[in-house]
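Colleague: Following this message is one structure expressed as structure tokens.
Derivation of every value follows stated rules applied to the coordinates shown; laboratory data play no part. This is a predicted model, so every value here is computed, not measured.
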Amino acid sequence: MTDKLNFDDKFARFSEHWRPKVVAALNGQEVKLVKVAGTFPWHHHDEEDEFFLVWKGRFRVEFRDHAVDLEPGEALVVPRGTEHRTLAEEEAWVVIFEPAATPNTGNVVDAEFTAPQGAKI
């Protein structure tokens, strides 16, 4: 892909929450956009680190012993194997970098939150 990406344009193309959309892939990694609102289930990823970058709104990553609040332009890496959950009191837009085909719910299968793999926009 040699065309530029406009994240605002890509975010405008979908409305559902907790359903990441792949916008680019490189070196075995995917760049995903996701809109979030409410609270995601506790989970971990055995083999994958996750990178979250807030594009719009406020986003919280909770761990069992502390929480990290993020605002636009702020990012956080959740190390593999670390139990966490994410939440946003109001809709937030988040950019995620992680290995291709990483399930969004990690070690948990949840009828409401587990998203289909590879959805692109």
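Colleague: Kirkwood Rh over alpha-carbon pairs of the chain, then Stokes-Einstein at 4 °C and 1.567 mPa s: what D in µm² s⁻¹, rounded to an integer?
Modeller: On the way: Rh = 14.4 Å.
After rounding, the answer is 90 µm²/s.
Colleague: Return the Rg/Rh value of region 1-62, two decimal places, where both radii are evaluated on C-alpha atoms and Rh is the Kirkwood radius.
Modeller: 0.96
Colleague: Test of understanding: in a Gaussian network model of the chain with alpha carbons linked when under 10 Å, which of D49, D69, D110 would top the mean-square fluctuation ranking?
Modeller: So, out of D49, D69, D110, the one fluctuating most is D110.
Colleague: Pull up all non-local amide H partners of R80: gap of 5 or more, or a different chain, and H-to-H distance under 5 Å with H placed in the peptide plane.
Modeller: Amide H neighbours of R80: D49, E50.
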